[in-house]
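This report concerns only the one structure given below.
The values are calculated or read from the model by the stated rules, or taken from the named source; none is laboratory data. Fair warning: this is a prediction, and the values are worked out from it, not measured in the lab. Cβ atoms come from the backbone with ideal geometry, glycine included; neighbour counts cover every protein chain shown. These area figures cover heavy atoms from the full protein model, side chains too; ligands, DNA and RNA do not enter into them. Shrake-Rupley method; radii C 1.70, N 1.55, O 1.52, S 1.80 Å.
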Amino acid sequence: MISREELEKLNSYFEEKEPIEILKWGIEKFHPKITLACSLQAEDLVILDMLSKIVKRPKVFIIDTGRLHQETYDLIEQITSKYDVDLSIYFPDYKEVEEMVKKYGINLFYKSIELRKLCCEIRKVRPLKRALEGMDAWITGLRREQNFTRSKIRKIEIDEINGGIVKLNPLADWVYEQVWDYIKKNNVPYNKLYDKGYKSIGCVPCTRPVKPWEHPRAGRWWWEQSGDKECGLHYREVK
Ligand code: SF4
């Protein structure tokens, strides 16, 4: 697909380029086997808006864990009204969820970090595998400043965990303010929870608003005192 040597050259070339240039390259090279992972964060909507300007009916997927906010579902409706996208929504395997809940309880994530990660694995990571089946590349809204686990992400990566496909992180070097500037200037729909103090949005029981002085991801799994504050979709090593 892409050799290591080519990857280095691409990253040198695209590091200073605008996100839309990376997206154009990705679409030209991989469409229709390229998809946007849309977790309904502000960053994902920025990318969706950009994609809609460069390709017809971009492929987009959402993972519905079954524990999302009503505001998040409302945003999905808004997206499908505003954009002509080839949207797929993936759900966890109901048998796996039923077994997990029977064994550990409906709110198992508060009991231990291991059970929290099990819940993320079943509700998020496994559906992701299905969403990426048959794809040659995927696009994320990851940014380096979001978390220490993301501080070294590159704009173009080879995702060894997901079959060696290409992973594009076009907003890798953007800061929070750039995301919101784009949203306001381009009238991009966003999750209304941001207006209620949330700065990173996941599932209802695992997300809370943050104070102005707190780290944006402090509201994710806020009861965990240490750890990577990741669900497993991205934090594993990607070369
Ligand atoms: Fe489960 Fe919480 Fe992870 Fe959602 S964020 S999958 S509810 S542990």
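Cβ-Cβ contacts under 9 Å between residues 6 or more apart (or on different chains), taken from a first residue in region 88-110 that is at positive phi to a second residue that is assigned to a loop (DSSP other than H, G, I, E, B) and within 13 Å of the ligand (Cβ to nearest atom), are listed as Gly105/Lys111.
Could you say which residue among Ile89, Ile153, Ile158 is away from the ligand (no atom under 16 Å from the Cβ), closer than 27 Å to Phe30 by Cβ and within 16 Å of the chain's Cα centre (by Cα)?
Ile153
With respect to Ile89, is the statement that it is in contact with a strand residue (DSSP E or B) (Cβ under 9 Å, 6 or more places away or on another chain), open to solvent by 60 Å² or more (accessible area, probe 1.4 Å) and aliphatic (A, V, I, L, M) true? Considered against the rule, which asks whether it is in contact with a strand residue (DSSP E or B) (Cβ under 9 Å, 6 or more places away or on another chain), open to solvent by 60 Å² or more (accessible area, probe 1.4 Å) and aliphatic (A, V, I, L, M), Ile89 comes out as yes. Being at positive phi and among the basic types (Lys, Arg): is that true of Arg4 here? Spelling it out, it is not the case that Arg4 is at positive phi and among the basic types (Lys, Arg).
Test Arg217 against the stated conditions and say whether it is in contact (Cβ under 8 Å) with a residue 40 or more places away in the chain and more than 16 Å from the ligand (Cβ to nearest atom). Here the answer is no, as Arg217 does not meet what is asked. Within the bounds of region 69-78, is there any residue that is within 16 Å of the ligand (Cβ to nearest atom) and more than 25 Å from Asp181 (Cβ to Cβ)? There is at least one residue in region 69-78 that is within 16 Å of the ligand (Cβ to nearest atom) and more than 25 Å from Asp181 (Cβ to Cβ). Selection of region 3-16 for residues being surrounded by 14 or more Cβ atoms within 10 Å (Cβ to Cβ) and touching a residue at least 24 places away in the same chain (Cβ under 8 Å) yields Leu7, Leu10, Asn11, Phe14. Figure legend. Inter-residue proximity from region 45-66: first residues more than 12 Å from Ile34 (Cβ to Cβ), second residues open to solvent by 10 Å² or more (accessible area, probe 1.4 Å) and of a type in the set (Ser, Thr, Tyr), beta-carbon distance below 6 Å, spacing 6+ or different chains. Indicated pairs: Leu45/Tyr190; Val46/Tyr182; Ser52/Tyr83; Ile63/Tyr90. Return the only residue of Tyr83, Tyr94 being open to solvent by less than 50 Å² (accessible area, probe 1.4 Å), away from the ligand (no atom under 13 Å from the Cβ) and over 18 Å from the mean Cα position of the chain (by Cα). The conditions single out Tyr83. In the condition set (1) charged (D, E, K, R); (2) more than 16 Å from the chain's Cα centre (by Cα); (3) away from the ligand (no atom under 16 Å from the Cβ), Arg208 is compliant with all but (3). Looking at Ile106, Ile113, Ile63, just one residue is in contact with a Lys or Arg (Cβ under 6 Å, 6 or more places away or on another chain) and within 12 Å of the ligand (Cβ to nearest atom), and that residue is Ile63. Tallying residues that are out of contact with any Gly (no Cβ under 7 Å at 6 or more places or on another chain) and in a loop (DSSP other than H, G, I, E, B) within region 166-196 yields 12. Can you name every residue in region 116-147 that is within 16 Å of the ligand (Cβ to nearest atom) and either in a loop (DSSP other than H, G, I, E, B) or open to solvent by 30 Å² or more (accessible area, probe 1.4 Å) (or both)? Across region 116-147, the qualifying residues are Lys117, Leu118, Glu121, Arg126, Lys129, Arg130, Asn147.
Matching residues to (1) polar (S, T, N, Q); (2) open to solvent by less than 60 Å² (accessible area, probe 1.4 Å):
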| position | (1), (2) |
| --- | --- |
| Phe30 | no, yes |
| Thr35 | yes, yes |
| Ser39 | yes, no |
| Glu43 | no, yes |
| Val46 | no, yes |
| Arg57 | no, no |
| Val60 | no, yes |
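For Lys196, are the conditions met, namely being within 16 Å of the ligand (Cβ to nearest atom) and open to solvent by 10 Å² or more (accessible area, probe 1.4 Å)? No, not satisfied.
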